[in-house]
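The values are calculated or read from the model by the stated rules, or taken from the named source; none is laboratory data. Just so it is clear, the model here is predicted, and its values are computed rather than measured. For neighbour counting, all protein chains shown are included, and Cβ atoms are generated from backbone atoms with ideal geometry for every residue, glycine included. Only protein heavy atoms, including side chains, enter the accessible area calculation; ligands, DNA and RNA are left aside. Shrake-Rupley method; radii C 1.70, N 1.55, O 1.52, S 1.80 Å.
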Amino acid sequence: MGNIFLFTLIIGVVSALIIIPISNRQKVSKKKDSIQGNRGFFIPVIVLLLPTLFAFYYVTNLDRNFSSVWALAIFITAIGTLFSTGNEQKVKFGLFVVSFFIGGYFLTAFLFNADEKYELSKMSQQVEIKSFDEKETPASVPPQFARNKMKKAFGQVPNTSYYELGNLQIQKVKGNYVYIAPVEFSGFFKWWNGKVSPGYFTLSATDSSANPKFVNSKMTYTPSSFFNKNIERHIRMHFPKKIFYGDVQLEINEDGKPYYIQSFGDFVSARNGFKVQGIVMVDALTGATNLYQMKDIPKFIDGAVSPEVVSLQNSYFGNFVHGYWNSKFGKTDVKLPSDEGIEANVSPIFDEKGQMYYFTDFTSPKKNVDSMLGYSLTNARTGKATYYTGNPQESYMDSQGALQIIEKKFIEKKWQGKMPILYNFYGEASWLTPVLDSNGFLQNYFIVSAANPEISAYGVTPNEALRQYKSVLHRGKTTVEGRSKADEKQVSGTVLRVYKEKSGDFTLVSFLLDNGKNFIISSEKEPLIIYLKEGDKVNIRYLDTEEDFLPAKEVKIEGL
């Protein structure tokens, strides 16, 4: 508290000195009395200014840098100039002019620092993400569904009437992907009576059949606490001059102990823009506070860079490629980040190593166009981002287009897609989207090709939808390339069993070889495969995806 008192005292005293005139238009003989009379206003002005300034900085939680008072400086110097005379008026008018130009600089900085913002957000570029490993299960339980399940399990919380469910945060804990949601106070009087939050909920982010679990772990410092127990105010008291961006987020360590984190950094220029530098971490029970630069962040923290920061950087990258004015008028090469993300317009996903990224797709600024220009993945621990252009020979549908297809597919049931994520399934850029009913309950998972919207499938689980999608790809006109870790192999043997299924203009052939392995291939790839029968000797080139039915790329029947 000491800093805010000292800060507001300095500003209040300086403001009073500028407002109160030292001299006025009185005659010289009365000058002494005039000065003494003016000094009599000093204390009342201080008494009025100090509580006002204190309340402003305490309530808004604004950083306590002197640059934050630029608007007040214009107002105070204008009043001081109005009330003063002679040389004193000239001096105060000079202060007004300086503060006015400083304010103008702050207000117009966004016009001139667009290039710097773009350089700050510049991403490395690649064509396509690696193929998805089908042995993995994507973190695809939508947060709306997870939140509904947690609310229905709220009876596990002691003194339930005091609390409500806080914001969801996805995290990897002990190798499992889980949603975490703190139990928050539902109002001032509930906080006054409860004092501490009893804990938080966890729920699997990959298994839609899992049930929420309430973890009893008391938290004193939370976003819904009041006065100095409020987590954001607590952080500000410890770091009064730091620049923070984005909401606080709950993270738990491997032992289940809760911490709140918030991203800090600096302005790009003139109190405009933001560049992240690290995090502040607070023990939710004791309030113990630590500051970490990006390279020193504890390993258990997955989302060190807040989604709000990532969304801001995406906006810089997409809009300011040729400066500010181009983003408003010409819009050459401008690409707009999607607003379909689940957290501040971005969606958290995990790679095969368990590293969290924020996904965003970019679309054209032209209205009524659902063509995707590219997509980005931003490392949630480092803030480093990669922009994927997609196959230049293909035209990809954006996330909004995928949601529209789902809406039309289930128009009678009024189901809607949520949280669309682009994956590389078997070499095909594809949207995986959970589908929810009007009550927010999960009904299925829908997969649709980004390049060929007529190719789609759905299933009760992500893996079932993936199997259905693979079957559709076999029947369709696209090529199944297998997972990223699949090696291409060759094998020869005798066919023991054959199953043929008509699919449109082609035939899908599944067969069992004498080595105990099953293979599948479409007559679109191998027209002569329709003649395959039991006892045939074959030479096969296939992808070792470790699935029950291995995708064959080529099958040669001996003697045919």
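Residues of segment 148-184 with the amide nitrogen closer than 19 Å to a label point 7 Å from the Cα of LYS299, along Cα-to-Cβ, please.
171-178
Using amide H atoms built 1.01 Å from N in the peptide plane, name the residues 5+ places from THR507, or on other chains, whose amide H lies under 5 Å from its own.
Answer set, sorted by chain and number: SER523, GLU524.
Do any GluC sites (Glu not before Pro) in segment 378-462 lie in a loop, going by DSSP, with at most 10 other beta-carbon atoms within 10 Å of their beta carbon, and if so which? Could you put the intermediate results ahead of the total?
Numbers: sites: GLU394, GLU407, GLU412, GLU428, GLU454; in loops: GLU394, GLU412, GLU454.
Those that pass, being in a loop and sparsely packed, are GLU412, GLU454.
For a quick check of understanding: with a 1.4 angstrom probe and all protein chains in place, what accessible area in square angstrom does VAL460 have, to the nearest ten?
90
Using +1 at the Cβ of each Lys and Arg and -1 at the Cβ of each Asp and Glu in the chain, identify which of THR332, GLY390, THR286 lies farthest towards the dipole's positive end.
THR286
What distance in nm separates the two pseudo spin-label positions at GLN468 and PHE112, each 7 Å out from Cα along the beta-carbon direction?
5.8
Ignoring the sites themselves, what is the longest stretch of the chain with no trypsin sites (Lys or Arg not before Pro) in a DSSP loop and at most 10 other beta-carbon atoms within 10 Å?
Between the exposed loop sites, the longest stretch runs 28-173.
How much length is gained if the chain between ILE10 and ALA210 is pulled fully straight, taking 0.36 nm per residue apart and subtracting their Cα-Cα distance, in nm to one decimal?
Numbers: separation 200, 0.36 × 200 = 72.00 nm, distance 5.65 nm.
Net length gain for the segment: 66.3 nm.
With each run of n ≥ 4 DSSP H residues scored as -39500 (n - 2.57), what mean residue ellipticity at 222 nm is computed for the chain after dividing by its residue count and rounding to the nearest 500 deg cm²/dmol?
-9000 deg cm²/dmol
Take the Cβ-Cβ distance between TRP325 and VAL91 as r, set R0 to 35 Å, and report the resulting FRET efficiency rounded to the nearest 0.05.
For TRP325 and VAL91, the calculated efficiency is 0.35.
Take the alpha carbon atoms of segment 285-345, find their center, do the same for segment 491-525, and report the distance between the two centers in whole angstrom.
48
Using the basic label-point model (7 angstrom from Cα toward the beta carbon), what is the LYS489 to PHE227 distance in nanometres?
So the label points at LYS489 and PHE227 sit 6.9 nm apart.
For GLY374, what residues show an amide H to amide H distance below 5 Å, using hydrogens built from the backbone and excluding near sequence neighbours?
Amide H to amide H, under 5 Å and 5 or more residues apart or across chains, GLY374 pairs with PHE362.
What whole-number value in Å² describes the accessible area per residue of segment 368-470 for a 1.4 Å probe?
It amounts to 42 Å² per residue over segment 368-470.
Return the lysines within reach of LYS533: Cα separation strictly under 20 angstrom, same-chain partners fewer than 8 residues apart disregarded; answer none if there are no such residues.
LYS500, LYS502, LYS517, LYS525, LYS553, LYS556
Could you state the accessible area per residue of segment 269-322 in Å², with a 1.4 Å probe and every protein chain left in place?
Numbers: 1820 Å² over 54 residues.
That works out to 34 Å² for each residue.
So, R0 is 45 Å and r is the distance between the beta-carbons of THR160 and VAL45; what FRET efficiency does that work out to, to 0.05?
Numbers: r = 50 Å, r/R0 = 1.12.
With a Förster radius of 45 Å, E is 0.35.
Can you compute the modelled spin-label distance between SER395 and ASN167, with each label point 7 Å from Cα toward Cβ, in nm?
Between SER395 and ASN167, the label points sit 3.8 nm apart.
Looking at segment 509-560, what % of its DSSP beta bridges pair antiparallel, to the nearest 5?
Bridges in segment 509-560 that DSSP calls antiparallel: roughly 75 percent.
How much FRET efficiency would the formula 1/(1 + (r/R0)^6) give for LYS413 and LYS353, where r is the Cβ-Cβ distance and R0 is 41 Å, rounded to 0.05?
0.60
Taking the Cα atoms only, what angle lies between the long axis of helix 2-19 and the longest principal axis of the chain, rounded to 10 degrees?
So the helix axis and the longest Cα principal axis differ by about 50 degrees.
Would you work out what percent of the accessible area of the chain, with all protein chains in place, is carbon or sulfur (probe 1.4 Å)?
Carbon and sulfur: 54 percent of the exposed surface of the chain.
With every protein chain left in place, what is the accessible area of LEU48 in Å² (1.4 Å probe, nearest 10)?
For LEU48, the solvent-accessible surface is approximately 120 Å².
Step through the table entries LYS172/LYS335; LYS275/LYS295; LYS172/LYS295; LYS151/LYS213; LYS367/LYS413, compare each Cα-Cα distance with 23 Å, and write down the pairs that go over it. Could you put the intermediate results ahead of the total?
Values: LYS172/LYS335 32 Å; LYS275/LYS295 15 Å; LYS172/LYS295 19 Å; LYS151/LYS213 11 Å; LYS367/LYS413 28 Å.
As for pairs spanning more than 23 Å Cα to Cα, those are LYS172/LYS335; LYS367/LYS413.
Roughly how many Å² of MET123 are accessible to a 1.4 Å probe, to the nearest 10?
Approximately 20 Å² of MET123 is accessible to the 1.4 Å probe.
Can you give me the Cα centroid spacing of segment 140-158 and segment 434-448 in angstrom?
About 16 Å separates the Cα centre of segment 140-158 from the one of segment 434-448.
Given a cut-off of under 8 Å on Cα pairs at least six residues apart, what relative contact order in percent is computed for the chain?
10
Quick one: Karplus J couplings for segment 180-196, per residue in order, coefficients 6.51, -1.76, 1.60, θ = phi - 60°, nearest Hz, x for Gly and Pro?
Per-residue couplings from phi come out as 10, 9, x, 8, 10, 6, 9, x, 4, 5, 5, 5, 4, 7, x, 6, 10 Hz.
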